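Presented below is the structure to which this report refers.
Laboratory data are not the source of any read-out in this text; all were calculated from the coordinates shown. In this text the structure is predicted, and so the values were computed from the model without any measurement.
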Amino acid sequence: MSYPLQKLTVRRQRLIAQAESQRVLLAQNADSLRKPLAMADKGLNVLRYIKHHPIVVAGGGATLLSIANPNGITKWLRRGWLAWQLTKKIINK
């Protein structure tokens, strides 16, 4: 085997070993982030659900409020309607 080819073979083996150690290090670092990223992903899924099913969420909230305080439901419905309108304006900008 010629010297340049032998030199390339050694370099290739060194790079393969370096890549393997980097993969191991990346996997170790990723494990510490797995739980927080999973929690953030669940939060994003909740926000997407609310965005795509606003009536269901609003209806559930109104039901809970009417059970908790039947007399104050109109006050909370007005506040909810105002919050909904403001949210729609902010999202649609």
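3J(HN,Hα) along the stretch 76-82, derived from phi through the Karplus expression 6.51 cos²θ - 1.76 cosθ + 1.60 where θ = phi - 60°, amounts to 6, 5, 4, 5, x, 5, 4 Hz, with x in place of Gly and Pro. The three principal axes of the Cα atoms in the chain give end-to-end lengths of 91, 30, 15 Å, sorted in falling order.
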